[in-house]
Amino acid sequence: MAKLKNIIKQLPEKDFTSIYDSLIVSNAEKSAFLLKALRERNVSDTRIMTDLEVNANAYYTLRSRLNLKIEEYLMEQLESPRADVLRKVANINEIIFTKKRAIAIATLKKLEKDLIDYDLSNELTIVYKSLKKLHVNSPDYFHYSQLYNRHVAYMLALDKAEDLLADYFKKYGSFLLNGDESEKMGLSLLLREMQNVANLYESHRLFVYRSIMLIFHRLFVEPDENLQQDSESIEDIFARIQKIFESYGLDSIYYHLNLVVEFLKLEYYNYYKVYRQAEKHFEEVNDATANLLTNYTTFVFPAQFLISKINRELRMGTEGELYQEAEGLFLDYEADTLDIPRHVIYFTYKTLACYYSGKYEEGSKLLNSLLNEVSLKKYPYIALELKSLLALFYALLRDYELFNQLANSIQRQIRLFEKDACENILLLIKILKIAVSEVKKEKTKKINAIIPKLANIKTPYFAPTLLIKLDEKLVGKLTEF
């Protein structure tokens, strides 16, 4: 909330009034009240909720929508001069066919300068193509031909970089669910290819694209410890990106990529356990969760935020708040069953939110829905992980018949893998079988003897079972038969 409050307080009076009036006109009185309260009053969130007569979940949704409204307004202000330049590019043929040659050339030269300022490479190729035609009988024809060819090549390099970025994060999702070494090698090869493309031109945009991939790779695929000491530090890369964003303040792509950079900063500080710094970036990313998950999959792997968020709540002991917050968090999220890694992590998040709120029936229905909705043949480990979570729900619901069927099925499937591949699942099933057995003697002691072994396991793939807090509360629930 502090981030939103700071933005509102720093809005020029003209912009604040415009946003406030637009909210009133659109009958969004509560959003208008919240906007005014955050700007003019120094009161707590609880007081504002009381004044608005809304609960915490509705308040969260309200502030998210207000944040989105402010972003849309600011974006419109950014786009105005840029849109004017683009309209002029669209009218180039009118200039060529209706203006005298000298005026047409002067107009195109001015347009060239504006396009360079906005870094609009695609449109620059149109200008250079037109200037080339206008100089067909001039010695400058060769000069504009070279500029045209260079910008076509640069435009193709940018397209290649964006394709590599999208391909990288698609493949990362598969790697996250499988932990396969060959997929890890494939990610390293994509990073190398991106670096080769970025080295072709002195381009700030290629630098930003390369940096996004590089930072993510160093945090989640090949940690910093494995890199050479002379590699550029991640903090230095962030500083260079920030300078680029400030230099091209009217660039719409950079405006949106600010959210990606905030997310990467959050993950950077999480990686090094500098949690106080991480919190400075958490709220902005958290407020934009649905937008990040829906619209940024080709620029980063946004579902990673949900995993980090669960770990954050577990660290802070606030995992019980996940369920209440989820409704507002995913209000504008568009689920996509074709993007299996993102879909699995999204459902896992909602399932664990149910678990930590004691809503075991709802959690089991979500898991069954997911397992029936998507095919996980390509991801056998995550399939077993989700079935193990379902077995936990069945055990807590005292549905012994379904539990035994599922637990036996899981154990049969694990025999097809290497012994150590699913040790965490084997230990969890062992705990659950002790809990549901008819032998009541020393259940708690036996379970507590296994928990330390399970707590120390790390897997090369995403393991939702390791996000289950193995504490006295869980042991008590499992043994109160």
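Derivation of every value follows stated rules applied to the coordinates shown; laboratory data play no part. Everything numeric in this text was worked out from a predicted model, so none of it was measured. Every residue, glycine as well, gets a Cβ built from its backbone with ideal geometry; the counts of neighbours run over all protein chains shown.
Mind ordering 177-185, 331-339, 258-266 by average Cβ neighbours within 10 Å, highest first?
Put in order of decreasing packing, that is 258-266, 177-185, 331-339.
Taking the beta-carbon count within 10 Å as an exposure proxy, list ARG47, ARG218, ARG65 from fewest neighbours to most.
With the fewest neighbours first, ARG47, ARG218, ARG65 line up as ARG47, ARG65, ARG218.
On full extension of the chain, what length is gained from GLU235 through PHE142, given 0.36 nm per residue of separation minus the C-alpha to C-alpha distance?
The GLU235-PHE142 span can extend by a further 29.1 nm.
For region 397-454, take the convex hull of the Cα atoms, compute a quarter of its surface area, and give me that in nm², please.
Here the figure is 4.3 nm², rounded to one decimal.
Along the Cα→Cβ direction, 7 angstrom out, place labels at ARG39 and LEU74. What is the inter-label distance in nm?
Result for the modelled spin labels: 1.4 nm.
Regarding region 303-481, what is the average projected area of its C-alpha convex hull, in nm²?
10.1 nm²
Just the Kirkwood number for region 157-294, please: inverse of mean 1/r across all distinct Cα pairs, in Å, one decimal.
15.8 Å
Express in nm, to one decimal, how much length is gained between ALA335 and LYS440 on full extension, taking 0.36 nm for each residue of separation and deducting their alpha carbon distance.
33.4 nm
Using the structure shown, list the pairs from LYS365/LYS446; LYS5/LYS273; LYS443/LYS469; LYS440/LYS473 with a Cα-Cα distance above 22 Å, or answer none.
LYS365/LYS446; LYS5/LYS273
Can you give the extra length, in nm with one decimal, that the chain gains between ASN295 and TYR275 once fully stretched, where that is 0.36 nm per residue apart less the Cα-Cα distance?
Result for the pair: 4.5 nm of gain on full extension.
For the pair GLU202 and ASN55, what calculated FRET efficiency results from E = 1/(1 + (r/R0)^6), where r is the Cβ-Cβ distance and R0 = 51 Å, to the nearest 0.05?
Here the calculated transfer efficiency is 0.45.
Which values, in whole Å and largest first, are the semi-axes of the equivalent ellipsoid of the chain obtained as the square root of 5 times each eigenvalue of the Cα gyration tensor?
50, 30, 18
By per-residue mean of other Cβ atoms within 10 Å, what is the highest-first order of 271-279, 462-470?
Final packing ranking: 462-470, 271-279.
Roughly how many Å is it from the Cα centre of region 323-368 to that of region 253-322, as a whole number?
Distance between centres, Cα-based: 17 Å.
Calculate the dipole size of the chain relative to its Cα centre from +1 charges on Lys and Arg beta carbons and -1 charges on Asp and Glu beta carbons; express the result in debye to the nearest 20.
It works out to roughly 480 debye.
List the residue ranges in the chain for DSSP H helices whose C-alpha atoms run 15 angstrom or more along the long axis and whose Kyte-Doolittle average is 1.0 or above.
380-396, 423-436
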